[in-house]
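Comments concern the structure below.
The values are calculated or read from the model by the stated rules, or taken from the named source; none is laboratory data. Just so you know, these numbers come straight off a predicted model, no measurement behind them. FYI the Cβ positions are ideal-geometry reconstructions off the backbone, even for glycines, and counts take in every protein chain you see. Accessible surface is based on the protein model in full, side chains and every heavy atom, while ligands, DNA and RNA are left aside. Shrake-Rupley method; radii C 1.70, N 1.55, O 1.52, S 1.80 Å.
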Amino acid sequence: MSTWREQPALIPEEQIQHRHEADVVVVGLAHAGSAAARAAAEAGCRVIGIEEKKEKTYSVWGADCGHINSKFLESRGVPKVDPIDYYNEIQRRAMGRANPALMMRFAQKSGENFDWYTDMVEDWSGVSVAFWPGAQKFDGEMAGFRFWPGTAKFGMPGGRNPFGGGPGGKKGPGGPGGKPDIPGGIPDKEEMLPPQPGQGMSAKELVEDVKIHPSLLGLCRANQQKAIDLGGEMYFGMSAENIIKEDGRVTGILAKDAATGEYHLFRAKKSVILAAGGFAGNKEMLEDLLPDFKGLFCDGEDWPRSMGRKGMAIKLGVWAGGKLENGPIATMGGNFNLPRGFNCTMGQLWLDPSGKRFCNELFGGPEISGMQGQQMKHGTYFNIFDSNIVEDLQWSVPSHESFDFGEGMYTGNITRAMEGAQAAGKGGVVERAPNGPVRIVCGRNMEELLDNAELTGEIRENVRASIERYNEICRSGRDDDFGKDAKLLRPLDQWPLYIQFNDFNYVGRIMCTCGGLLTDGNQNVLDNNYDPIPGLFATGNCCGRRFGPQYSTPTAGLSIGVCITLGREAGIEAAK
């Protein structure tokens, strides 16, 4: 058994230099924890929040918040969604393994809670809705899966654009949220991470800034301030070390001040809320809790560095007797891969390293269709489209990593890449797509295409045969090979054709884990007999059974949306 499950001995009382008491103690102050702290304070509780990041370098990840039926979405003309339809789609994707009470609560309350969490915003002009207006041909369904727009895209503090540049500045070439393409993974040490916009601003400055420059970082600080205004306290640079349980009830958290090395005991009269994220940054926990990932590695491969949290919230819950959800545990990335490119995840024709087609390129969104690529030979895959690609992209689903016509950079990227490939000739050109640098080649006929792609031997003939076979399928109107929707079957016959080269090297590279402790419908942590542990709640990415065995959602950005909604709900329940 992994050593992380073993609770360390409690330190002697005489080594505890500081003692604090509150009704509710919140461990972790990102999206879920900030919402929970404010909600508990508004319910009349004295709240203490503790956060391991130092206040000067405090930051949160993400730019998108997925939800439905908020006043904000209504103001942008986004149609209302039936919460029951939405809930059923969540459960379909989760294969029925998501907690019904939790996810129905999200479907019913996400709009109301989004409006509550953002009620200090005065100027919404810097916030857009992803994929809205959407692709003109998309009819709401793809291969039996349903999708809805509802992703609020926030900027950065000070009005910075999430794609780079200052207020009103030109967008950079990076991907959504300005996420860089970093070979080998993203460093997990705080000092190795690049400075993030807003880290140099004080809490007071961020609270004022969010009114006119809405950002997820600013919203966290503003909601923390709401709790402070009601008598709460927030402690930064405070690392949770152990959990206190007396007579079957959780009564407090032992934490260590990173700056002084002194210990603090935070007593909770009512409840402790665990909201300190997942475990993507803890290799021992990855090995233990994600055995399905380990099975994807080839000889010599191992977990890359991750930007995720270290799993402390889940450790604390297990040490208190909490039960983990039955795996597999959902993650963002790491167990799926697909030939991304200038057309994002809108797949016309995907070929494996041998030049053969291997799946329905548009089945259920990238997290599902991309499952095929991780259980095949790792190498260079091919993403093929023709000169009519912009028209084909009008079928794009409003989903993670899809083509967003509302973002000018997307259309500009693909136009620039096509023009560059035509001019480059043999060998093509490397241009930056939304997900990183991609090589693209062009050909005015089949032989020129294969020559410019520098393909020889068996792979050359396989690519030729695969394009010809795909065109046969499209002309027949029925994909008997892999079942792509008939509405998407258009032959690749509008020359020139383009080939994008994509190396599959993202195995094990997880943005964050999205599961962990088993809870009831109120997010009260359950023990090994499925009974609630008095005084212990879990929300955010340490809470299990929100996405089933895989993070796959009907609206992009649902992770943060769920954190905010269920964070508030956890605060309300913990205050009772």
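Some observations on this one:
- Using only side-chain charges placed at the Cβ, +1 for Lys and Arg and -1 for Asp and Glu, the dipole size of the range 263-419 relative to its Cα centre rounds to 1060 debye.
- Cα-based helix-to-principal-axis angle, 408-424 vs the chain, degrees rounded to 10: 40 degrees
- Relative contact order (%) - the range 58-168, alpha-carbon pairs under 8 angstrom, separation at least six: 32 percent
- With the convex hull of its Cα atoms as the shape, the range 417-576 has an orientation-averaged projected area of 14.3 nm².
- Overall dimensions of the range 1-111 by Cα: Rg and Dmax, Å: 19.7, 61
- Scattering curve values for the range 291-330, log₁₀ I(q)/I(0), Debye with Cα scatterers, q = 0.18, 0.33 Å⁻¹: -0.74, -1.09
- Evaluated at q = 0.21, 0.22 Å⁻¹: base-10 log I(q)/I(0), Debye formula over Cα of the range 324-443: -1.29, -1.38
- For the range 199-291, with +1 on Lys and Arg beta carbons and -1 on Asp and Glu, the positive-most of 286, 250, 260 along the dipole: 250
- Dipole magnitude (debye, nearest 20) for the range 435-524, charges at Cβ of Lys, Arg, Asp, Glu: 280 debye
- Taking a ≥ b ≥ c as the square roots of the eigenvalues of the alpha-carbon gyration tensor, the range 51-127 is classed oblate because a/c is 1.5 or more while a/b is no larger than b/c.
- Rounded to 10°, Cα long-axis angle of helix 100-117 versus longest principal axis of the chain: 80 degrees
- Residues of the range 287-331 with amide N under 18 Å of a point placed 7 Å along Cα→Cβ from residue 530: 322-328
- The range 340-380: translational diffusion in µm²/s, Stokes-Einstein, Kirkwood Rh over Cα pairs, 37 °C, 0.692 mPa s: 310 µm²/s
- Size of electric dipole in the chain: Cβ of Lys, Arg +1 and of Asp, Glu -1, about Cα centre, debye, nearest 20: 500 debye
- When you restrict to C-alpha pairs under 8 Å that are six or more residues apart and normalise by the size of the range 369-525, the relative contact order lands at 30 percent.
- Cα shape, the range 230-271, gyration tensor, a/c 1.5 rule: oblate
- Each label point was placed 7 Å from the Cα along the Cα-to-Cβ direction; for residue 71 and residue 19 their separation is 4.5 nm.
- Acute angle (nearest 10 degrees) that the helix 31-42 long axis makes with the longest principal axis of the chain, alpha-carbon atoms: 40 degrees
- Within the same chain, lysines fewer than 8 places from residue 270 are excluded, and of the rest, those with a Cα less than 16 Å from its Cα are 245, 576.
- If the segment from residue 375 to residue 319 were pulled out straight at 0.36 nm per residue, it would be longer than the present Cα-Cα gap by 16.7 nm.
- Most positive-pole-ward Cα, 415, 326, 91, against dipole of the chain from beta carbon charges: 91
- Compared with the direct C-alpha span, the chain from residue 59 to residue 445 gains 133.9 nm at full extension, assuming 0.36 nm per residue.
- 160, 546, reordered so the largest accessible area comes first (probe 1.4 Å): 160, 546
- When you filter the GluC sites (Glu not before Pro) in the range 69-152 for DSSP loop state and at most 13 other Cβ atoms inside 10 Å of their Cβ, you are left with 122.
- Measuring nothing but how far apart in sequence close Cα pairs (under 8 Å, 6+ apart) lie, relative to its length, the chain scores a relative contact order of 25 percent.
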